[in-house]
Amino acid sequence: MTPETHLARALRERTFSGAAWAYGGSTGTAASGTLGSLSWGGDPVREDTLWDLASVTKPIVGLAAMALVESGELTLDDPVAAHLPEYAGTDLAELTVFQLLTHTSGLPGQEPLWRRHGIREELLAALGRLPPRFPPGTAVEYSSAGFILLGLIAERAAGTPLDVLVRERVTEPAGMDATRYLLPKTDRRRAAATEECPWRGRVVQGTVHDENAEVLGGVAGHAGLFGALPDLAALGETLCRGGRGRRGRVLGERTLAVMTEPRTDHLPLRRSLAWQGRDPHHCSGGDLLTPAAYGHTGFTGTSLWVDPELDVFVVLLTNRVHPVRSSDAITRLRRVFHNAAVTACLAGRSAS
């Protein structure tokens, strides 16, 4: 089956209302497509449809953080309190940038701080009171709280707001023209809808799905970015080219190699700096990527995987949380889609 066939079947089974996909390598996009609608019964998905990237925001912010490491404005061993003195004296103070990037900080995973703290300042104060679940460096637990901290550290180290930092260090040099936090009202109509949210009392479209990010004003290290299919393909191409974007360098080749090197092979989950590695079982990137592959998923149904050894990137963008988040059908779909996409990409090269 082709990648498109898998997605068409998932659309019929109502896994999502819409999807966009692409695969290619260092020379650009080899194939791409769209299907479905922005919402059930809504306008059709187009190439310029904007998708809530959810946690795919994390590695993009991670790239900005690594650009600061490259320039000497940050080091991986910097503790939280060195940049955020307001957390001195808390359990967060001695956590390092490295531990935040690898999800080994011990901070709890999906913490719904928004339920008790509906104002940005209150939520950030509550972040400092989160109890660690394990000693730092001893286990991996996926933690959005850790990336909220990372975003704060990055903007404090750079002396630049996070949205500006991400634009200047990542999206502009990569050629990701549509990718941004905080969509203007005029652009929200072309965004894929996400959840019918009881907390907000509406279907979310064009504003961030993640509730903690909403309280933080829509700009955060863990979620909040929106992007279009050509942008995510441009990022995949940039990564396959060792960090060289369409308009400039995002990272040096050595810095990107350090970022994507596996760091937690001694622990059950494979992580590098802000990226997920290829786990031997149930990897969202499928079964055919090499051990050098890295990627990330987003809760809304988005993902980007890159395999530098195969010179392959694969982008999948869906709104699998529309209108509700309860289905887990995306889990297997991601694996079969990536298997088909990698196969098609490599077969296309051998045929040319």
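The values are calculated or read from the model by the stated rules, or taken from the named source; none is laboratory data. This structure is a prediction, so every number in the text was calculated from the model and none was measured. Backbone-built Cβ (ideal geometry, glycine too); neighbour counts: all protein chains shown. Protein only, heavy atoms only, side chains kept; ligands, DNA and RNA dropped before computing areas. Shrake-Rupley method; radii C 1.70, N 1.55, O 1.52, S 1.80 Å.
So, in Å, what gap is there between the alpha-carbon centers of region 18-65 and region 142-204?
If we compute the Cα centre of each part, the gap is 15 Å.
Please build a GNM for the chain, connecting alpha carbons under 10 Å apart, and tell me which residue among 105, 144, 326 fluctuates the most.
326
Using a cut-off of 15 Å between beta-carbons, work out the net charge of the residues near residue 255 (Lys and Arg +1, Asp and Glu -1, residue 255 not included).
Working: positive: 169, 241, 244, 249, 254, 263; negative: 70, 73, 253, 261.
Net charge in that neighbourhood comes out at +2.
Heavy-atom accessible area per residue, the chain, 1.4 Å probe: how many Å²?
Numbers: 13890 Å² over 352 residues.
Spelled out: the 1.4 Å probe surface of the chain, per residue, equals 39 Å².
Could you pull out the GluC sites (Glu not before Pro) across region 30-121 that fall in loop regions by DSSP (anything but H, G, I, E, B) with no more than 13 other Cβ atoms inside 10 Å?
Answer by residue number: 47.
Of the trypsin sites (Lys or Arg not before Pro) in region 153-243, which ones lie in a loop per DSSP and count no more than 14 other C-beta atoms within 10 Å?
Within region 153-243, the qualifying trypsin sites (Lys or Arg not before Pro) (loop, at most 14 other Cβ atoms within 10 Å) are 189, 200.
Considering only the other residues whose Cβ falls under 14 Å of the Cβ of residue 202, what net charge follows from Lys and Arg at +1 and Asp and Glu at -1? Can you show the working numbers first?
Numbers: positive: 188, 200; negative: 195, 196, 211, 214.
Overall, the nearby charge balance is -2.
Given a 1.4 angstrom probe, I'd like the percentage of the accessible area of region 281-334 that is carbon and sulfur, rounded to a whole number. Don't skip to the answer; put the middle values down first.
Working: 1080 of 1920 Å².
Within region 281-334, the accessible surface is 56 percent carbon and sulfur.
How large a share of the accessible area of region 160-276, in percent, is made up of carbon and sulfur atoms when the probe is 1.4 Å and the other protein chains stay in place? Numbers along the way, then the final one.
On the way: 2160 of 4670 Å².
Carbon with sulfur: 46 percent of the solvent-accessible area.
If you roll a 1.4 angstrom probe over the protein chains with everything in place, what fraction of the accessible area of region 1-150 belongs to carbon and sulfur, to the nearest %?
Details: 3030 of 6000 Å².
Here carbon and sulfur together make up 50 percent of the probe-accessible area.
Once every DSSP H run of n ≥ 4 in the chain is given -39500 (n - 2.57) and the sum is divided by its residues, what mean residue ellipticity at 222 nm do you get, rounded to the nearest 500 deg cm²/dmol? Let's see the in-between values first.
On the way: 12 runs with 113 residues, N = 352.
Only helices count here, giving -9000 deg cm²/dmol.
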